[in-house]
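Trainee: Quick one: the structure is below, and I'll ask about it shortly.
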Amino acid sequence: MATHRTKLLIIGSGPAGYSAAIYGARAMMEPIVVQGLQPGGQLTITTDVENYPGFRDVVQGPWLMEEMKAQAEHVGTRMMWDTIVEVDLANGSPFRAVGDSGDEYIGDALVIATGAQAKWLGAPGEQELGGKGVSACATCDGFFYRGKRVAVIGGGNTAVEEALYLTNHSDDVTLIHRRDSLRAEKILQERLLNHPNISVLWNKEVESFAGDPLAGGLTHLNLRDTVDGSASELKVDGAFVAIGHSPATELFKGKLPMDDGGYLLVEPGTPKTEVPGVFAAGDVTDHVYRQAVTAAGMGCMAALDAERFLANLEIDTDGHAHAAESAEQEAAE
Ligand SMILES: Cc1cc2nc3c(=O)[nH]c(=O)nc-3n(C[C@H](O)[C@H](O)[C@H](O)COP(=O)(O)OP(=O)(O)OC[C@H]3O[C@@H](n4cnc5c(N)ncnc54)[C@H](O)[C@@H]3O)c2cc1C
């Protein structure tokens, strides 16, 4: 067991964590990134990424994340193959975290970039056809289904928004919901129900996703009626599972304020949490945009704010940080 000390501790290695690391390293904060169970984050489980700025051609998600990691290391970030299992924020800076390995991490400032995970149905074929017709993000993948038949599964705001978004690319969108009414806001429901290119299949559950992952991908959905139990089939080229996301915030329960969905709350327009020196960036605090580029932007903001926070701290020889006295205080003494 070892103790790792840094000016900037970053938990999470998605676009938010790596971007915070790039900015933090270039500001001489010698950051440590604790990568967690999914080094590179959510983009490592997708294939084509066509909307991350800087690349004219489609790039592969895992490749993009390898490049971000290499860039962060190149400018001086230390990567740790560990998962944080405990954090102590109660005593202010420096913040202490403990990894699954038993190692201890101490950071004068802390960036939380633990992201979120899309919820999946768990139906047969879903994972095998992931990226081959099955997706959890219409904004990310809708473009690949231009002029094709698509379905959205879910009944809340996200599902309705995804279905409406998909009408930009397809004139054959089906929303599949297991109940006979939607949970989405009324205004969204109205837009959906009045849209000429969207039809709704009520009281239907997806029993399985069918198709060949190696040849052509998804071909159809096998459905079951939740009222009379009858089976049916829906031919589609793309299916978007939109039943919500789970932010990875279990660690911070009772330690940082969260909204009802478990997303970390920050001061609006900033990555600042309620605890000075602790910043949240990316999907862990964002249930609206959930994009690699927005996560990266928030990671940048978190590192810049961490730099400002550290500039106002004095670190004692015993390793404890204190807010530096302001010029006014010093003058008054
Ligand atoms: C299938 C799919 C396709 C997508 N396609 C696109 C696309 O084309 N374009 C786009 O812009 N966006 C896309 N997205 C969305 C994009 O991936 C996310 O918005 C983005 O990855 C969020 O970045 P993040 O850094 O906030 O978190 P994440 O990418 O979720 O990364 C979170 C990180 O935190 C780590 N972590 C979690 N808990 C701990 C812990 N306790 N200790 C240490 N580390 C921890 C994980 O290991 C991971 O490294 C897609 C998402 C999915 C699922």
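Trainee: I want to check the label-to-label distance for Ile243 and Trp202. Put each point 7 Å from Cα in the C-beta direction and report it in nm to one decimal.
Mentor: 2.1
Trainee: Let me ask something else. When the accessible area of the chain is split by element with a 1.4 Å probe, what percent falls to carbon and sulfur? Present the calculation step by step, with values, prior to reporting the outcome.
Mentor: Numbers: 8270 of 16400 Å².
Answer for the chain is 50 percent, counting heavy atoms of protein chains only.
Trainee: Further question: Which of the trypsin sites (Lys or Arg not before Pro) found in the stretch 34-92 are loop residues per DSSP with 15 or fewer other Cβ atoms within 10 Å of their Cβ? Provide the component values of the computation, followed by the final result.
Mentor: Working: sites: Arg56, Lys69, Arg78; in loops: Arg56.
The qualifying sites are Arg56.
Trainee: Lysines near Lys253 by alpha-carbon distance under 27 Å, same-chain residues fewer than 8 away left out - which ones?
Mentor: Cross-link targets: Lys7, Lys119, Lys272.
Trainee: Compute the FRET efficiency between Asp171 and Glu250 as 1/(1 + (r/R0)^6), taking r as their Cβ-Cβ distance and R0 = 30 Å, and round to the nearest 0.05. Before the final figure, lay out each step's value.
Mentor: Details: r = 42 Å, r/R0 = 1.39.
Efficiency for this residue pair is about 0.10.
Trainee: Right, another one. Multiplying the sequence separation of Met28 and Ala70 by 0.36 nm and subtracting their Cα-Cα distance, what value in nm do you get? Walk me through the intermediate numbers first.
Mentor: Working: separation 42, 0.36 × 42 = 15.12 nm, distance 1.72 nm.
This chain segment gains 13.4 nm when fully extended.
Trainee: Quick one: compute the contact order of the stretch 134-241, relative version, from alpha carbon pairs under 8 angstrom and 6+ residues apart, as a percent.
Mentor: Details: 237 pairs, mean separation 32.5, N = 108.
In percent, rounded to a whole number, it is 30.
Trainee: How far is helix 292-311 tilted, in degrees, relative to the longest principal axis of the Cα atoms in the chain, given as a value from 0 to 90 rounded to the nearest 10?
Mentor: Roughly 10 degrees, rounded to the nearest 10.
Trainee: Another question, then. Looking at the stretch 88-171, which chymotrypsin sites (Phe, Trp or Tyr not before Pro) are DSSP coil and have at most 15 other C-beta atoms within 10 Å of their C-beta?
Mentor: Numbers: sites: Phe95, Tyr105, Trp120, Phe143, Phe144, Tyr145, Tyr165; in loops: Trp120.
Passing both the DSSP loop test and the Cβ count: Trp120.
Trainee: So, for the chain, what is the accessible surface per residue at a probe of 1.4 Å, expressed in square angstrom?
Mentor: Numbers: 16400 Å² over 333 residues.
Spelled out: the 1.4 Å probe surface of the chain, per residue, equals 49 Å².
Trainee: On full extension of the chain, what length is gained from Thr219 through Ala2, given 0.36 nm per residue of separation minus the C-alpha to C-alpha distance? Intermediate results must be reported in sequence, preceding the final value.
Mentor: On the way: separation 217, 0.36 × 217 = 78.12 nm, distance 5.16 nm.
Extending this stretch completely gives an extra 73.0 nm.
Trainee: Checking the a/c ratio against 1.5 first, then a/b against b/c, what shape does the Cα gyration tensor give for the stretch 134-241?
Mentor: On the way: a/c = 1.93, a/b = 1.10, b/c = 1.76.
Since a/c reaches 1.5 but b/c is at least a/b, the shape of the stretch 134-241 is classed as oblate.
Trainee: Further question: Mind jotting down the distance between the C-alpha centroids of the stretch 237-281 and the stretch 174-205, whole Å?
Mentor: 27
Trainee: Hey, another quick one. What is the angle, in °, between the Cα long axis of helix 157-166 and the longest principal axis of the Cα atoms in the chain? Nearest 10 is fine, range 0 to 90.
Mentor: That helix lies at roughly 70 degrees to the long axis.
Trainee: Can you work out the FRET efficiency for the pair Leu304 and Ala231, with r the C-beta to C-beta distance and R0 = 45 Å, to the nearest 0.05?
Mentor: Details: r = 55 Å, r/R0 = 1.23.
Efficiency, rounded to the nearest 0.05: 0.25.
Trainee: Which are the unpartnered cysteines of the chain, meaning those with no other cysteine Cβ under 4.7 Å from their Cβ?
Mentor: Here Cys300 come out as lacking a disulfide-compatible partner, given the Cβ-Cβ threshold of under 4.7 Å.
Trainee: Quote to one decimal, in nm, the extra length available between Lys186 and Val85 on full extension: 0.36 nm per residue of separation minus the C-alpha distance between them.
Mentor: Details: separation 101, 0.36 × 101 = 36.36 nm, distance 4.06 nm.
Length gained between Lys186 and Val85: 32.3 nm.
Trainee: Using a Gaussian network model of the chain whose springs link C-alpha atoms within less than 10 Å, name the residue from His195, His177, His245 with the highest mean-square fluctuation.
Mentor: His195
Trainee: Additional query: Is it possible to state the helix-based mean residue ellipticity at 222 nm for the chain, with each DSSP H run of 4+ residues giving -39500 (n - 2.57), the sum divided by total residues, to the nearest 500 deg cm²/dmol? What is it? Numbers along the way, then the final one.
Mentor: Values: 7 runs with 74 residues, N = 333.
Helix contribution divided over all residues of the chain: -6500 deg cm²/dmol.
Trainee: Rounded to the nearest 10 degrees, what's the angle between the helix 15-26 long axis and the longest principal axis of the chain, both from Cα atoms, 0 to 90?
Mentor: Taking Cα atoms only, the helix is inclined about 30 degrees.
Trainee: Based on the Cβ-Cβ distance from Leu37 to Asn194, what FRET efficiency comes out when R0 is 35 Å, to the nearest 0.05? Walk me through the numbers before you get to the answer.
Mentor: Working: r = 43 Å, r/R0 = 1.24.
Once the sixth-power term is evaluated, E becomes 0.20.
Trainee: Given contacts defined as C-alpha pairs under 8 Å and at least six residues apart, what's the relative contact order of the chain, whole-number percent?
Mentor: Numbers: 770 pairs, mean separation 66.5, N = 333.
Once divided by the residue count of the chain, the mean separation gives 20 percent.
The values are calculated or read from the model by the stated rules, or taken from the named source; none is laboratory data. Just so we're clear, the structure is a prediction, and the values are computed from it rather than from any experiment. With ideal geometry, Cβ positions are generated from the backbone for all residues, glycine too; neighbour counts draw on all protein chains shown. Ligands, DNA and RNA are excluded from the accessible area calculation, which covers all protein heavy atoms including side chains. Shrake-Rupley method; radii C 1.70, N 1.55, O 1.52, S 1.80 Å.
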